[in-house]
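The values are calculated or read from the model by the stated rules, or taken from the named source; none is laboratory data. Given the structure is predicted, the values throughout are model-derived calculations rather than measurements. So basically every Cβ, Gly included, is an ideal-geometry build from the backbone, and we count neighbours across all protein chains shown.
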């Protein structure tokens, strides 16, 4: 799964010379939380709703409304933006993008081509959508997790044990996180006739420890 499959190609941006007022209005008008900042079509920064709130006069200010508007018309986006923002390429994996956003504690990444031209925007909402898609979470079914030996054929053995019950596999995920060395956790989402689900779970429990399941109907 690549960034280009999940990013928004229609990017709303703002020029570095625009005012604080225009940036705030653009965010509100489009119901978004961040704006890539351009200077002659070149990406030079990013500005978020938090940046704008911190730069705007406080509601407790002694300035009257005209003075506030005047002040906000004098503050430029380039004065409050984050310069040289982190970017990502369209062919980067969605997993790497998720790690970068998580570790850097940022909610969105501008996507650029090899020339540094802005071609898209990837947000945390896009990451959530990718996670939902890869897990098949929107599809009703049963989710079972099993701890298996970390060796070739272990996942195949789990599926072969389930196959005789005529199950339909929705997704298979595996991880080494949170399990002892030499083991791995396998998470399978599947569909089967109601009377077959208990049989599948019972058989798995005879072969593996730590079998957990839940129905998402």
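Would it be correct to say that residue 91 is assigned to a loop (DSSP other than H, G, I, E, B) and modelled with pLDDT of 95 or more? Criteria met by residue 91.
Within the range 96-113, take every residue that is surrounded by fewer than 13 Cβ atoms within 10 Å (Cβ to Cβ) and under 11 Å from the mean Cα position of the chain (by Cα) and give me the one that is nearest to residue 49 (Cα to Cα). The residue in question is 102. Filtering the range 158-182 to residues that are within 22 Å of residue 134 (Cα to Cα) and touching a residue at least 40 places away in the same chain (Cβ under 8 Å) leaves 158, 162. On the basis of being without any contact (Cβ under 8 Å) to a residue 24 or more places away in the chain and under 17 Å from residue 212 (Cβ atoms), does residue 135 make the cut? No, not satisfied. Mind listing just one residue for me: the one in the range 156-173 that is surrounded by fewer than 16 Cβ atoms within 10 Å (Cβ to Cβ) and under 30 Å from the mean Cα position of the chain (by Cα) and, of those, farthest from residue 190 (Cα to Cα)? In this case the residue turns out to be 156.
Restricting attention to the range 23-34, the residues that are free of Cβ contacts under 8 Å to residues at least 40 places away in the same chain and in contact with a strand residue (DSSP E or B) (Cβ under 9 Å, 6 or more places away or on another chain) add up to 3.
For the range 73-85, the candidate set comprises residues that are out of contact with any helix residue (DSSP H, G or I) (no Cβ under 6 Å at 6 or more places or on another chain) and in a loop (DSSP other than H, G, I, E, B); within that set, the residue that is surrounded by the fewest Cβ atoms within 10 Å (Cβ to Cβ) is 84.
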